[in-house]
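A.B. asks: Attaching a single structure in structure tokens format; questions to follow.
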Amino acid sequence: MAEQVSDRIRIDAPPQRCYEVAIDYERYPDWAKDIKQATVLERDAEGRGANVEYRAAAFGRSARYVLQYDYSAAPAAFSWTLVEGEMVRAIDGTYRFDADGGGTEVGYVLTVDVTLPLPGFMKRAAAGMIVDNAMKQLKRYVEAGGGAA
């Protein structure tokens, strides 16, 4: 069964900057500790990653998956869905970037369904940890000036 978790965090940077870092998939291994490799397989007309292949650490193993991105709400938000993957049936989510004074309120919603036979509470905990880590790591990277052009 799929587990959905969400979180919000305030980042001391403008929404456009947060959005630009979040869609720079090939730099994810620089700041997202569980992402070991990210390769853009296909780009849209604006040069953004349309299909991206990841290799990530998961449950003590390495898992490969491909996400397809939807920018119809960009730059205020973007979303993704799983195209194919190992050990997962779903990795679907959305990032949202709302101006908050001189910074950004970043929202993250993630639905994860793993193929491993785990109890529901463990799946929920794993999904929550993914979201929590992603938000804290994004904040730390953006506020430290990472990925600046």
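A.B. asks: Roughly how much of residue 67 is accessible, in Å² to the nearest 10, using a 1.4 Å probe?
C.D. replies: Only protein atoms counted, so the area is about 10 Å².
A.B. asks: DSSP loop GluC sites (Glu not before Pro) in the stretch 1-89 with at most 15 other Cβ atoms within 10 Å of their Cβ, which ones?
C.D. replies: Counting only loop positions with at most 15 other Cβ atoms within 10 Å, the GluC sites (Glu not before Pro) in the stretch 1-89 are 46, 86.
A.B. asks: Can you give the relative contact order of the stretch 2-66 as a percent, counting alpha carbon pairs under 8 Å and 6+ residues apart?
C.D. replies: It rounds to 20 percent for the stretch 2-66.
A.B. asks: Counting other C-beta atoms within 10 Å, and keeping those with at most 13, which DSSP coil chymotrypsin sites (Phe, Trp or Tyr not before Pro) do you find in the stretch 48-100?
C.D. replies: Those satisfying the criteria are 59.
A.B. asks: Something else now. In nm, give the distance between the simple-model label positions of residue 105 and residue 57, each being 7 Å from the Cα along the Cα-to-Cβ direction.
C.D. replies: 3.3 nm
A.B. asks: Also, I was wondering about something else. Loop only by DSSP, 14 or fewer other Cβ within 10 Å of the Cβ. Give me the trypsin sites (Lys or Arg not before Pro) in the stretch 23-101 that pass, ordered by residue number.
C.D. replies: Listed in order of number, the matching sites are 33.
A.B. asks: What is the Cα centroid distance between the stretch 69-102 and the stretch 33-68, reported in whole angstrom?
C.D. replies: First find each Cα centre; the distance between them is then 13 Å.
The values are calculated or read from the model by the stated rules, or taken from the named source; none is laboratory data. Here the structure is a predicted model, which means the values were calculated and not measured. Methodologically, a virtual Cβ is constructed for each residue, glycine included, from the backbone with ideal geometry; neighbour enumeration extends over all protein chains shown. In case anyone asks, the SASA skips ligands and DNA or RNA and just uses the protein heavy atoms, side chains included. Shrake-Rupley method; radii C 1.70, N 1.55, O 1.52, S 1.80 Å.
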